[in-house]
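Undergrad: I have a structure I would like to understand better, so I am pasting it below and will then ask my questions one at a time.
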Amino acid sequence: MSTQRELDDLVKAGYEAGFVTEVESDTLPPGLNEDTIRFISEKKNEPEWMLEYRLKAYRHWLTLEEPDWAHLKIDPIDYQAISYYSAPKKVGDGPKSLDEVDPELIETYNKLGIPLEEQKALAGVAVDAVFDSVSVATTFREELAKAGVIFCSISEAVHEHPELVKKYLGSVVPHTDNFFACLNAAVFSDGTFVYVPEGVRCPMELSTYFRINEAKTGQFERTLIVADKGAYVSYLEGCTAPMRDENQLHAAVVELIALEDAKIKYSTVQNWYPGDENGVGGIYNFVTKRGDCRGDRSHISWTQVETGSAITWKYPSCILQGDDSVGEFYSVAVTRGRQQADTGTKMYHFGRNTRSTIVSKGISAAHGQNAYRGLVRMGPKAENARNHTQCDSLLIGDKCGAHTFPYIEVRNPTAKVEHEATTSKISEDQLFYCRQRGLKEEDAVSMIVNGFCKEVFNELPMEFAVEARKLLNITLEGAVG
Amino acid sequence: MLSIKNLHVNVEGKEILRGLNLEIGKGEVHAIMGPNGSGKSTLSYVLAGRDGYEVTEGEVLFEGRNLLEMEPEERAWAGIFLAMQYPVELPGVNNMTFLREALNAVRKGRGEEELDAVAFMKLIREKAEVVKLPEKLLKRSVNAGFSGGEKKRNEILQMALLEPKLGILDETDSGLDIDALRIVAEGVNSLRNPERSFLVITHYQRLLDYIEPDHVHVLAHGQIIRSGDKHLALELEEKGYGWILEEAAA
């Protein structure tokens with residue numbers, strides 16, 4: 001729980017991440033065609049097979065149409081008006097340590113409260129910072145290498161670990177999966193690659209901070225995480241974007257693969273610019289995240305705190321193929337102002353004794369619209385599979401909306417699916433009670449909201465939980481009264 | 001300490017308090033009794049600053065300050081505490097967290113240092129002992145699933161913690177069995193001192209057996225129609241309100 005002073009500072013700061021860093025960029029003019037893709041591939045000095053992969057995806061994308069089934073109102077997106085490549089200019093052959101990184105970039109992270117310098121010293125978090133489209137700083141690489149863990153940008157992985165990339169890229173989210181994933185496969189700029197070898201417990205939590213900086217630059221991150229047999233890795237993704245008075249498209253793809261007895265824990269705090277009170281500006285966030293529990297007894301856990309973006313379209317999912325595999329989804333999604341979110345998960349139970357847990361907490365304030373959309377599918381071979389879904393909505397004010405769209409398909413008679421849902425409102429009684437005890441209204445709201453989200457926050461790593469609470473407090477500032 | 005003059009209050013357009021006068025001095029315990037619908041709870045909410053209670057006339061001074069201009073939390077910082085008739089549940093909000101947030105908010109409002117976690121734990125254990133609130137209830141969500149008695153004890157615990165100058169008890173005795181009543185009353189009595197005043201609002205004389213008042217007032221039709229010492233409460237117990245109402249009407 002933050003103190004009043006912290007809150008005051010935060011309120012004064014407004015949208016603190018709303019600044020633009022002046023760094024010379026190497027930016028492609030807007031437009032999308034096969035030449036654009038060849039340019040990106042060439043810029044990254046990619047091998048032929050990678051280019052072919054991109055072109056195949058692009059050609060397929062041309063045959064697709066934008067999905068329109070979500071509970072969202074979206075202005076048409078002009079894909080030709082977007083620039084598909086932007087990279088900060090490199091210092092020499094690229095920075096070998098933080099000292100070589102453009103000081104202005106470091107300053108950007110410092111303003112965001114992500115001091116790389118300190119993080120180096122602070123035990124536990126290795127950072128692969130993605131600034132616009134190219135990784136500019138990677139720490140803890142050596143320590144990780146000792147453990148045999150590969151943690152690098154996906155561009156590097158294409159060069160240095162082509163066999164792994166070829167084997168796993170697109171194996172969970174094929175380019176044919178959906179409109180946005182297909183676009184990503186064609187134009188993805190950069191992202192993160194993680195491979196944890198058999199039996200290795202990754203010695204630290206891995207973290208990438210994404211940041212969109214160039215105006216009109218769509219950001220197409222690609223993340224691929226593979227945990228080999230018996231491996232464990234916890235990955236943190238956090239992001240903010242500077243203020244821009246236009247919509248920025250973000251269409252990321254994240255693929256997780258857990259082999260036998262492996263566990264992957266993936267946590268996100270998302271705080272992209274949501275647009276102003278009238279809904280002007282803000283990020284369009286169309287993300288495809290999917291984890292594949294490929295081996296028996298594997299385990300994939302998604303935790304997300306979504307407070308930003310004008311539009312969020314995101315369904316981190318689990319394919320439970322291995323027998324006794326486990327999928328989890330813990331989510332807090334906040335919408336206020338004119339924000340819209342259509343988010344949830346899909347749990348595909350294929351293996352025997354597979355188990356999944358869904359805990360979704362939606363908070364709507366002001367004119368925010370929040371939809372939970374979840375699919376639980378029990379396949380014919382999913383003997384004794386179990387799912388428990390808990391889906392709670394909290395309303396603040398009377399102009400917002402909460403919607404729930406649960407889909408349940410059961411093809412095995414021994415499978416069990418439970419769905420619980422509640423909708424509540426912060427009541428005037430509760431606020432008066434708290435204020436009578438000396439709490440300011442906004443502190444009372446944040447305390448009640450934090451209580452509402454506790455089950456999800458408990459799943460976050462400690463430092464992320466603190467950040468998430470702080471974010472929630474800023475996000476809901478002034479939401480009542 | 002508290003001075004209420006000619007207070008008129010409307011609730012949803014209907015006049016509930018009609019020229020109420022009351023003076024409470026430092027360290028005094030005043031009891032307000034009265035039949036249902038006489039305006040007892042309205043008085044407590046107006047003093048605490050709840051929305052929806054429109055003051056149309058009169059003034060309320062608390063230690064010389066105009067109470068009616070203050071926000072509810074400012075009144076709490078100034079030293080007003082209302083133990084509610086129906087304490088609200090806050091699902092998901094840990095009771096300990098709530099108590100600490102409240103204490104530190106009040107301390108801050110009073111220009112005092114906030115308490116750190118260690119000092120707070122020590123303090124809360126001491127205070128919980130006074131009202132015999134089991135420690136496990138500190139770890140649960142605020143009032144969620146508490147019994148009636150536990151809720152009221154939690155109220156008194158908060159009062160003990162926040163150390164108000166004026167404690168208002170709004171029908172704290174309602175829904176309590178005799179044992180719970182005694183524990184709550186003992187908690188209140190332990191907080192009595194020459195600096196702290198109480199306004200005890202109650203339906204029945206029973207509570208006043210345990211919390212002995214200096215003054216007893218009868219509230220009816222939005223006005224105080226009779227004041228006396230503790231014997232007035234006993235008389236009411238015996239004869240009911242009818243005779244006073246008749247006398248007042250005459």
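The values are calculated or read from the model by the stated rules, or taken from the named source; none is laboratory data. Just so you know, these numbers come straight off a predicted model, no measurement behind them. Virtual Cβ from ideal backbone geometry, glycine too; neighbours counted across all protein chains shown. Surface accessibility is based on the protein's heavy atoms, side chains included, excluding ligands, DNA and RNA. Shrake-Rupley method; radii C 1.70, N 1.55, O 1.52, S 1.80 Å.
Undergrad: Restricting the search to the range A:167-184, which residues are of a type outside the set (Asp, Glu), under 16 Å from A:Leu64 (Cβ atoms) and in a loop (DSSP other than H, G, I, E, B)?
TA: The answer is A:Gly170, A:Val173, A:Pro174, A:His175, A:Thr176, A:Asn178.
Undergrad: Under 6 Å between Cβ atoms, at least 6 apart or on separate chains: pull out the pairs that start in the range A:43-67 with a residue that is free of Cβ contacts under 8 Å to residues at least 40 places away in the same chain and end on any residue that is surrounded by 15 or more Cβ atoms within 10 Å (Cβ to Cβ).
TA: A:Leu51/A:Ser41
Undergrad: Could I ask something else about it? Within the range B:106-132, restricting attention to residues that are open to solvent by 20 Å² or more (accessible area, probe 1.4 Å) and within 17 Å of B:Phe81 (Cα to Cα), which residue is farthest from the other protein chains (Cβ to nearest Cβ)?
TA: B:Lys127
Undergrad: Have a look at B:Arg107, B:Arg65, B:Arg50, B:Arg125 and point out the one that is among the basic types (Lys, Arg) and closer than 24 Å to B:Glu15 by Cβ.
TA: After ruling out the rest, the residue left standing is B:Arg50.
Undergrad: Follow-up question, since we're still on this one. Among the residues in the range B:88-103, are any in contact with an Asp or Glu (Cβ under 6 Å, 6 or more places away or on another chain), open to solvent by less than 40 Å² (accessible area, probe 1.4 Å), at pLDDT 90 or above and more than 8 Å from chain A (Cβ to nearest Cβ)?
TA: Among the residues of the range B:88-103, not one is in contact with an Asp or Glu (Cβ under 6 Å, 6 or more places away or on another chain), open to solvent by less than 40 Å² (accessible area, probe 1.4 Å), at pLDDT 90 or above and more than 8 Å from chain A (Cβ to nearest Cβ), which makes the answer no.
Undergrad: Taking only the range A:151-188 into account, find how many residues are open to solvent by 10 Å² or more (accessible area, probe 1.4 Å), polar (S, T, N, Q) and over 20 Å from A:Arg38 (Cβ atoms).
TA: Result for the range A:151-188: 3.
Undergrad: Something else: Quick one: which helices (runs of 4 or more DSSP H) lie wholly within the range A:386-481 and hold at least 2 residues that are closer than 30 Å to A:Met204 by Cβ and within 11 Å of chain B (Cβ to nearest Cβ)?
TA: Answer list for the range A:386-481: A:441-457.
Undergrad: So which residues in the range B:136-150 are on the phi < 0 side of the Ramachandran plot and either surrounded by fewer than 23 Cβ atoms within 10 Å (Cβ to Cβ) or more than 14 Å from chain A (Cβ to nearest Cβ) (or both), if there are any at all?
TA: Residues satisfying the conditions are B:Lys136, B:Leu137, B:Leu138, B:Lys139, B:Arg140, B:Ser141, B:Ala144, B:Phe146, B:Ser147, B:Gly148, B:Gly149, B:Glu150.
Undergrad: Considering only the range A:374-388, I want to know if a residue exists there that is under 24 Å from A:Gln270 (Cα atoms) and out of contact with any Phe, Trp or Tyr (no Cβ under 6 Å at 6 or more places or on another chain).
TA: Among the residues of the range A:374-388, at least one is under 24 Å from A:Gln270 (Cα atoms) and out of contact with any Phe, Trp or Tyr (no Cβ under 6 Å at 6 or more places or on another chain), which makes the answer yes.
Undergrad: Answer yes or no as to whether B:Ala180 is outside any helix (DSSP H, G or I) and either at negative phi or free of Cβ contacts under 8 Å to residues at least 60 places away in the same chain (or both).
TA: Answer is no for this residue.
Undergrad: Quick one: in the range B:223-249, which of the residues that are within 16 Å of B:Ala31 (Cα to Cα) and among the basic types (Lys, Arg) is surrounded by the most Cβ atoms within 10 Å (Cβ to Cβ)?
TA: Selected residue: B:Arg226.
Undergrad: What residue, among those in the range B:59-87 that are facing chain A (nearest Cβ under 7 Å) and out of contact with any Asp or Glu (no Cβ under 9 Å at 6 or more places or on another chain), is surrounded by the fewest Cβ atoms within 10 Å (Cβ to Cβ)?
TA: Step by step, filter the range B:59-87, then rank; the result is B:Trp77.
Undergrad: What's the number of the only condition in (1) modelled with pLDDT under 95; (2) at negative phi; (3) within 14 Å of another protein chain (Cβ to nearest Cβ) that B:Gly52 fails to meet?
TA: If we test B:Gly52 against (1) modelled with pLDDT under 95; (2) at negative phi; (3) within 14 Å of another protein chain (Cβ to nearest Cβ), just (2) comes out false.
Conditions tested, residue by residue: (1) of a type in the set (A, V, I, L, M); (2) at pLDDT 85 or above; (3) touching a strand residue (DSSP E or B) at 6+ places or on another chain (Cβ under 9 Å).
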{"site": "A:Tyr58", "(1), (2), (3)": "no, yes, no"}
{"site": "A:Thr63", "(1), (2), (3)": "no, yes, no"}
{"site": "A:Lys73", "(1), (2), (3)": "no, yes, yes"}
{"site": "A:Tyr79", "(1), (2), (3)": "no, yes, yes"}
{"site": "A:Lys89", "(1), (2), (3)": "no, no, yes"}
{"site": "A:Gly92", "(1), (2), (3)": "no, no, no"}
{"site": "A:Lys96", "(1), (2), (3)": "no, no, no"}
{"site": "A:Asp102", "(1), (2), (3)": "no, no, yes"}
{"site": "A:Glu107", "(1), (2), (3)": "no, no, no"}
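Undergrad: Could you tell me whether any residue of the range B:199-215 is of a type in the set (A, V, I, L, M, F, W, C) and assigned to a loop (DSSP other than H, G, I, E, B)?
TA: Looking for residues that are of a type in the set (A, V, I, L, M, F, W, C) and assigned to a loop (DSSP other than H, G, I, E, B), one finds at least one in the range B:199-215, hence yes.
Undergrad: When the residues of the range B:18-49 are filtered to those that are farther than 17 Å from B:Ile201 by Cα and charged (D, E, K, R), which remaining residue is nearest to the other protein chains (Cβ to nearest Cβ)?
TA: The qualifying residue nearest to the other protein chains (Cβ to nearest Cβ) is B:Lys26.
Undergrad: While we're on this one: Pull up the range A:343-381, narrow it to residues that are aliphatic (A, V, I, L, M) and at pLDDT below 95, then point me to the one that is farthest from A:Lys289 (Cα to Cα).
TA: Checked the range A:343-381; the qualifying residue farthest from A:Lys289 (Cα to Cα) is A:Ala366.
Undergrad: Could you give every pair whose Cβ atoms fall below 8 Å, whose first residue belongs to the range A:349-368 and is within 17 Å of A:Val445 (Cβ to Cβ) and crowded, with 24+ Cβ neighbours inside 10 Å, and whose second residue is modelled with pLDDT under 95 and among the charged types (D, E, K, R), counting only separations of at least 6 or pairs across chains?
TA: A:Lys361/A:Asp392; A:Lys361/A:Glu455; A:Gly362/A:Asp392; A:Ser364/A:Arg336; A:Ala365/A:Arg336; A:Gly368/A:Arg336; A:Gly368/A:Arg338
Undergrad: Any idea which residue in the range A:311-343 is farthest from the chain's Cα centre (by Cα), counting only those that are under 22 Å from A:Phe180 (Cα atoms) and open to solvent by 10 Å² or more (accessible area, probe 1.4 Å)?
TA: If we take residues in the range A:311-343 being under 22 Å from A:Phe180 (Cα atoms) and open to solvent by 10 Å² or more (accessible area, probe 1.4 Å), then A:Ile319 is farthest from the chain's Cα centre (by Cα).
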